[in-house]
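S.K.: Below you will find the structure I want to go over with you.
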Amino acid sequence: MAKTHQVTDDVVYDVVSIQYHALQALSSYERYLDDAHSADHDDVTEFVRQCRDQDQERARRCHELLGDLTVGSTSAA
């Protein structure tokens, strides 16, 4: 990482926003999977699983990046 960022820096906000949206999507995937499975659409079911897996990885990576970006940051200024 090039430098430590404050929690108010745009780059930190951007990563938090990406993580938030990935986590929001994760809260919906079980319903989407149920719908696709109930409608007997294996192709859609597999697509939703892929999306879920990608968002899980995206949220995990954001968490990792946020730790790296804010290490040693103790103030919001």
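The values are calculated or read from the model by the stated rules, or taken from the named source; none is laboratory data. Keep in mind that this is a model prediction, so the values were computed, not measured. In this analysis, Cβ positions are derived from the backbone assuming ideal geometry, glycine residues included, and neighbour counts consider all displayed protein chains. We work out accessible area using only protein heavy atoms, side chains counted, and drop any ligands, DNA or RNA first. Shrake-Rupley method; radii C 1.70, N 1.55, O 1.52, S 1.80 Å.
S.K.: Write out, first by first residue and then by second, each pair whose Cβ atoms fall under 6 Å of each other, whose residues are 6+ apart or on separate chains, and whose first residue, in the stretch 8-34, is over 15 Å from residue 48 (Cβ atoms) while the second is in a helix (DSSP H, G or I).
M.R.: 12/69; 15/62; 15/65; 15/66; 18/62; 19/59; 19/62; 23/59
Rundown of residues vs (1) β-branched (Val, Ile, Thr); (2) open to solvent by 90 Å² or more (accessible area, probe 1.4 Å); (3) touching a Phe, Trp or Tyr at 6+ places or on another chain (Cβ under 6 Å); (4) at positive phi, yes/no style:
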residue	(1), (2), (3), (4)
16	yes, no, no, no
28	no, no, no, no
34	no, yes, no, no
38	no, yes, no, no
42	no, yes, no, no
48	yes, no, yes, no
67	no, no, no, no
